[in-house]
Amino acid sequence: MTAIAHPNIALVKYWGKRDVARNLPAVPSLSMTLGGWRTRTTVTWGVQRDRFLLDGVVRDDPRVGRFLDHIDADRPPVEVVSDNDFPTGAGLASSASGFAALALAASHAAGRPRSPEATSVLARLGSGSACRSLLGGYVAWPLGTDPEGSDSHAIQIAPASHWDLRMVVAVVDAGPKATGSTEGMERSRRTSPLWSSWVADGPGEVAEASSAIEARDLERLGTVMERSTFRMHATMHTSTPPLLYWLSATVALLHEVFALRARGIGAWATMDAGPQVKVLCEAADAPRIESALAPHALETHVHGPGGPARLQR
Ligand code: 2P0
């Protein structure tokens, strides 16, 4: 069974867990699913021994076997073959599209298909942000109230057709990140003095972003997105030891975005647990924004909102 899922970029960030084992978030978040890039994953249920191939290379990643155990604790050996058409593990949300595609493909391969909500819950157990990649367009991940996490799944705010925005992605380093998100989040939660205000502000920021999406108000959405990014990175920078995902090119790109805005061009920046800068804008402005960012980047890409995860038969 084969499934395809797209990565998603958070407009309001998930950073921190209230339950590490279940990937239950400390803050709600909201994302745009990216068209263009994708993970494709094929699962064969019942083979000789567990095997995981990512981008053509056999990997020893204990998260995959543990994830499959959630579908069936008495499962047979399973083969998972996955490939990304974008850099893996570099702050470009490969774990989001990866676990979303795996959740969909594996639950069908096991003969245990689930509702979209339950598939989103399953994907969340692999990687928190993966629950958002099951859905297309503009997607929220509310906190939920069930201690087991049955209601901590993604919901669609608006389909891709609601608003044809662009995310210009400036890649400054395609290598894997030094500190993974799970470890980074826990470090921020344990040591950043900004943690309690970060957690307290989350629900209001998601409400503000949802209402900006509904109204198709890019200035409001861009403002809350940039604020969420800088507040998240402030919790990283004030952790002990500090978490600094930025490179010098990251800072150069941020200044470029501010300069574009000073010239009246609607461009707002976001970053994740990596040095890449992503810029939200109207479709008509994407070409000149991409040209302005390109001198500071290894490569640039432009993506519109994408569709949901889906089976490929
Ligand atoms: C996000 N990030 O909302 C945030 C912003 C990174 C910065 O979700 O530990 O790979 O597997 O639940 O989902 C990356 O974290 O972390 C992430 P786990 P995940 O997109």
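One residue is enough: does region 275-286 have a residue meeting the conditions part of a helix (DSSP H, G or I), modelled with pLDDT of 95 or more, farther than 22 Å from residue 159 by Cα and open to solvent by 60 Å² or more (accessible area, probe 1.4 Å)? Scanning region 275-286, I find no residue that is part of a helix (DSSP H, G or I), modelled with pLDDT of 95 or more, farther than 22 Å from residue 159 by Cα and open to solvent by 60 Å² or more (accessible area, probe 1.4 Å), so the answer is no. Any chance region 46-66 includes a residue that's out of contact with any Asp or Glu (no Cβ under 8 Å at 6 or more places or on another chain), among the aromatic types (Phe, Trp, Tyr) and either modelled with pLDDT of 95 or more or outside any loop (DSSP other than H, G, I, E, B) (or both)? No, region 46-66 has no match at all. Quick check: is even one residue across region 169-182 within 23 Å of residue 120 (Cα to Cα) and not in a helix (DSSP H, G or I)? Checked against the condition, which is being within 23 Å of residue 120 (Cα to Cα) and not in a helix (DSSP H, G or I), region 169-182 yields at least one hit.
Of all the residues that make up region 1-40, how many are in a strand (DSSP E or B), within 16 Å of the ligand (Cβ to nearest atom) and open to solvent by less than 10 Å² (accessible area, probe 1.4 Å)?
Narrowing region 1-40 to residues in a strand (DSSP E or B): 2-5, 8-12, 17-19, 24-25, 29-34, 39-40.
With within 16 Å of the ligand (Cβ to nearest atom) added as a condition, the list becomes 5, 8-12, 17-19, 24-25, 29-34, 39.
Still in the list and also open to solvent by less than 10 Å² (accessible area, probe 1.4 Å): 5, 8-12, 24-25, 29-34, 39.
Adding up the residues that qualify gives 15.
Consider region 105-137 and keep the residues that are out of contact with any Asp or Glu (no Cβ under 9 Å at 6 or more places or on another chain) and among the charged types (D, E, K, R). The one that is farthest from residue 310 (Cα to Cα) is 124. Screening residue 161 with (1) farther than 29 Å from residue 281 by Cα; (2) more than 16 Å from the chain's Cα centre (by Cα) gives one miss only, at (1).
Under 23 Å from residue 136 (Cα atoms) and either touching a Phe, Trp or Tyr at 6+ places or on another chain (Cβ under 7 Å) or without any contact (Cβ under 8 Å) to a residue 12 or more places away in the chain (or both): is that true of residue 60 in this structure? Judged against the criteria, residue 60 is not a match. Please verify whether residue 240 is in contact (Cβ under 8 Å) with a residue 12 or more places away in the chain, in contact with a helix residue (DSSP H, G or I) (Cβ under 9 Å, 6 or more places away or on another chain), exposed (fewer than 15 other Cβ atoms within 10 Å of the Cβ) and outside any helix (DSSP H, G or I), treating the condition exactly as stated. Judged against the criteria, residue 240 is a match. For region 185-224, the candidate set comprises residues that are touching a His at 6+ places or on another chain (Cβ under 9 Å) and part of a helix (DSSP H, G or I); within that set, the residue that is surrounded by the fewest Cβ atoms within 10 Å (Cβ to Cβ) is 214.
Within region 90-116, take every residue that is buried (at least 17 other Cβ atoms within 10 Å of the Cβ) and of a type outside the set (A, V, I, L, M, F, W, C) and give me the one that is nearest to residue 11 (Cα to Cα). Walk me through it before giving the result.
First, the residues of region 90-116 that are buried (at least 17 other Cβ atoms within 10 Å of the Cβ): 90-110.
After this cut, where a residue has to be of a type outside the set (A, V, I, L, M, F, W, C) as well, the list is 91, 94-95, 97-98, 107-108.
Details: 91: 14, 94: 17, 95: 17, 97: 16, 98: 20, 107: 29, 108: 31 Å.
Result: 91.
Here residue 140 fulfils each of the conditions (1) farther than 18 Å from residue 36 by Cα; (2) in a helix (DSSP H, G or I) apart from (2). Selection over region 138-172 of residues that are open to solvent by less than 10 Å² (accessible area, probe 1.4 Å), touching a helix residue (DSSP H, G or I) at 6+ places or on another chain (Cβ under 6 Å) and more than 16 Å from the ligand (Cβ to nearest atom) gives a count of 3.
Against the condition within 14 Å of the ligand (Cβ to nearest atom), within 26 Å of residue 282 (Cα to Cα) and open to solvent by 30 Å² or more (accessible area, probe 1.4 Å), how does residue 231 come out, does it pass? When the stated conditions are applied, residue 231 passes them. Answer yes or no: is there a residue in region 31-42 that is more than 19 Å from residue 98 (Cα to Cα), touching a Pro at 6+ places or on another chain (Cβ under 8 Å) and not aromatic (Phe, Trp, Tyr). No, every residue in region 31-42 fails to be more than 19 Å from residue 98 (Cα to Cα), touching a Pro at 6+ places or on another chain (Cβ under 8 Å) and not aromatic (Phe, Trp, Tyr). The residue of region 117-137 that is farthest from the ligand (Cβ to nearest atom), among those that are among the small types (Gly, Ala, Ser) and open to solvent by 10 Å² or more (accessible area, probe 1.4 Å), is 118.
The values are calculated or read from the model by the stated rules, or taken from the named source; none is laboratory data. Just so you know, these numbers come straight off a predicted model, no measurement behind them. Neighbour counts are summed over all protein chains in view; Cβ atoms, including those assigned to glycine, are modelled from backbone coordinates with ideal geometry. Surface accessibility is based on the protein's heavy atoms, side chains included, excluding ligands, DNA and RNA. Shrake-Rupley method; radii C 1.70, N 1.55, O 1.52, S 1.80 Å.
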